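Inspection log for the structure reproduced underneath, given as structure tokens.
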Amino acid sequence: VDAAYGDNGLDSDDEDSDYHQESYKESYKDKRRRAHTQAEQKRRDAIKKGYNDLQAIVPTCEQQDFSISSQKLSKAIVLQKTIDYIQFLHKEKKKQEEEVATLRKDVMALKIMKVNYEQIVKAHQDNPNEGKNQISDEVKFNVFQGIMDSLFQSFNASISVTSFQELSACVFSWIEEHCKPQTLRDVVIGVLHKVKSQLY
């Protein structure tokens, strides 16, 4: 009986051990499954937040039509609009860089003209009588006429008189394109060289 009892006791312990091991295995699997589910949910939330942030940042993702305001933009549309917006920003950046480069050239030309004017003023202050009455009004007019003739060539080629509005637009466009400091400086230098060759 004892032997039988003892055998039953051993069997009972083994069953208990197997049950606890099985319970532990199931608990471990549950934990892994729960951790995986949480990680997956976290990943999905991060992606959702990313798309929401893109829609908030990209102006073209804002709904303009109230009739479809309740409809949600698809992820593909959000990505395409984001790509388009980034390309637009790159173009704007390049355009602004070109404008900055142009302005820097204009500033440099103005600095050169400033230095030249300062030298002329200084030379006149040091020798106020030098060159006085040596240049006739006719020569001065020739210089002025040469400058105006040169400017009129580009003016005539650029201006349209179809309407006052178009004339105004053309004039401002011509000023911006052909009356830059560097351009005027080149024109004046060319005219002065021409007049000098005629005088001497």
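Computed quantities for the displayed model
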{"item": "Close pairs (8 angstrom Cβ cut-off, 6 or more residues apart or separate chains): within 23 Å of Gln87 (Cα to Cα) and among the aromatic types (Phe, Trp, Tyr) in region 45-69, at pLDDT 90 or above and part of a helix (DSSP H, G or I) anywhere", "result": "Tyr51/Val78"}
{"item": "Met113 vs. criteria aliphatic (A, V, I, L, M), under 21 Å from His193 (Cα atoms) and either in contact with a strand residue (DSSP E or B) (Cβ under 6 Å, 6 or more places away or on another chain) or at pLDDT 90 or above (or both)", "result": "no"}
{"item": "Selection count, region 28-75, where residues are small (Gly, Ala, Ser), in a helix (DSSP H, G or I) and at pLDDT 80 or above", "result": "5"}
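The values are calculated or read from the model by the stated rules, or taken from the named source; none is laboratory data. None of the values given here were measured: they were computed from a predicted structure. So basically every Cβ, Gly included, is an ideal-geometry build from the backbone, and we count neighbours across all protein chains shown.
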